[in-house]
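The structure appears below as structure tokens.
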Amino acid sequence: MAPPPLALVLYGDPEHRYAPVGDFFYSAEAKELVSRALGASSAEVDSLYCPRALEPVAQSDADAAFGRSDACADCPRCGTTLRAVRDGTWHYACASCAWTSRAVDLEDGEDDLHLAMKLAQREAEAPRAAAFAAALARLRASGFGGAGAEGASRDDDAEARALRDPLPEPLEARLRQPLAPDARQRLAPTRPLLRSTVTRRRVADVEAGRAGILRKPRPHPLDGDSSAGGAGGRHRKDASAHRTVGGRRPPPPPRSPGRRERRRRGRRTQVPTLAFARAPRWRHDGAAVAYEVVLFVRNPSPDDAMTVTIRPRPLPGRRHLVADFRATRWREASRASTAAVEVALAPRDEFAVDLEPDARALRALVDGAPSGFEGVLAATGARATVRLLCRADGAVAAGGDWHAAAARTCAAPIDRVALGLAVSCRVASFGAAVVLPWPGGLASEAWEVARGCACLF
């Protein structure tokens, strides 16, 4: 897994839950972002389907199959979907690694339905609880559970023989079935777990007696798939924030916009996009760390112009953060100025080629601004470049080590710095948290790229 980025922009809802934009929905009624947290939105299971066959499964059949598919099976060695073949008897065969279920005596002489029933019966009769108890006993006997070396010495010879003999199945396959009764046995195929289509609703709307639907999927998993002859999208309604925040939509059909078309366009509400224009910079500023943040503010709507206002906003809770950042130690940064920054953006031209400025032009634009300037550096059409300055106090001496100084002045060293912003426009009001790294190493009086943050160009 790739390490998390050191600098990023998180969106926030009114309850100070901060996460990437993909974790939010947009409520047109409340004109705010709704997170996936339990207190903000609820999830309802609409239907179940097999992820291999892409066929819906009734709830009664899912309960009888313990939440697994009766129509498909996965190869225990490579995880590829197995197919039932007949070569004298019916059995499962893998087209990828040439594994067959005859290796585990799983075959049937009648048809493939009886073969699937045998697999389901074998899974139902598998002593999972007994296998877990036996595995726990072996773990304690080996000394990991605190039982001492008595049990370990008793199994030395057996473990030595097990290490000499190769496992009949790869280690990855063993990890997919950790409760197998015996590590020396051949693994049996497994039935894939069923997937579900989920409807999201806004909790505040549900409590008020309204539907509050944020996302409503279509019942069949292949609905909306063009290869299957479907049309109209996979969802009946999808108010995901990543679709309304800067997402490109297909252009409208070439026809004269009548009254209905103008009303439909008027209902399209999209919130502005915030993204780094260049890597953040930092410098030593007395007893604090000063940051320079250059952002792109975009208007994703092709129909309406908007005026975006950016103000300072405290970060009291910092809940619902990215999992990798939830355990980090935070320090809140403060704006150098409490004045609001207003950005006027024109509608986005869907047919124009949106060329971003190159690194040289952007560097000249930022370096040409006064040292303490905060505001709009340039505005071109639906995009504007905004410069923000903030600082994080740390009582750091010049020339000293940042982490060592933070350890002396704080309860624990600082890992991240977060700048809270309040973004408002005609269609929505939401919060944003600009996550910045806490610099390490020696202090510098000149602007430097924050350590670990590469230039975006």
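The values are calculated or read from the model by the stated rules, or taken from the named source; none is laboratory data. Predicted model, so just to flag it, every value in this text is computed and none were measured. Ideal geometry is used to build each Cβ from the backbone, glycine not excepted, and the neighbour counts take in all protein chains shown.
Scanning region 329-353 for residues that are part of a loop (DSSP other than H, G, I, E, B) and in contact with a Ser or Thr (Cβ under 8 Å, 6 or more places away or on another chain) yields A340, P347, R348.
Restricting attention to region 211-228, the residues being modelled with pLDDT under 75 and among the aliphatic types (A, V, I, L, M) number 1. Right, R83: within 28 Å of the chain's Cα centre (by Cα) and under 19 Å from L194 (Cα atoms) or not? Spelling it out, it is not the case that R83 is within 28 Å of the chain's Cα centre (by Cα) and under 19 Å from L194 (Cα atoms).
For region 187-210, taking the residues that are assigned to a loop (DSSP other than H, G, I, E, B) and closer than 29 Å to D61 by Cβ, the one that is modelled with the highest pLDDT is identified as L194.
Taken over region 131-146, the criterion of being modelled with pLDDT of 70 or more and loosely packed, with under 14 Cβ neighbours inside 10 Å is satisfied by F132, A133, L136, A137, L139.
Annotation: L456 fulfils all but one of (1) surrounded by 13 or more Cβ atoms within 10 Å (Cβ to Cβ); (2) assigned by TED's automatic domain parsing to the domain that holds H16; (3) modelled with pLDDT under 85; (4) over 20 Å from W330 (Cβ atoms); the unmet one is (2).
Screening A84, A62 for residues that are buried (at least 17 other Cβ atoms within 10 Å of the Cβ), in contact (Cβ under 8 Å) with a residue 12 or more places away in the chain and either in a helix (DSSP H, G or I) or in contact with a Gly (Cβ under 7 Å, 6 or more places away or on another chain) (or both) leaves exactly one candidate, A62. Scanning region 16-59 for residues that are surrounded by 15 or more Cβ atoms within 10 Å (Cβ to Cβ), in contact with a helix residue (DSSP H, G or I) (Cβ under 8 Å, 6 or more places away or on another chain) and farther than 23 Å from Q270 by Cβ turns up S42, L48.
Per this entry, R77 is not counted among residues that are among the basic types (K, R), in contact with a strand residue (DSSP E or B) (Cβ under 9 Å, 6 or more places away or on another chain) and either surrounded by fewer than 14 Cβ atoms within 10 Å (Cβ to Cβ) or in a loop (DSSP other than H, G, I, E, B) (or both). Taken over region 6-59, the residue count meeting the criterion of being within 23 Å of P312 (Cβ to Cβ), of a type outside the set (F, W, Y) and either part of a strand (DSSP E or B) or free of Cβ contacts under 8 Å to residues at least 24 places away in the same chain (or both) is 9. Total residues in region 205-217 satisfying the condition of being surrounded by fewer than 18 Cβ atoms within 10 Å (Cβ to Cβ) and more than 11 Å from E44 (Cβ to Cβ): the figure is 5. Just one residue in the set L113, L119 is crowded, with 16+ Cβ neighbours inside 10 Å and farther than 29 Å from P217 by Cβ; that residue is L119.
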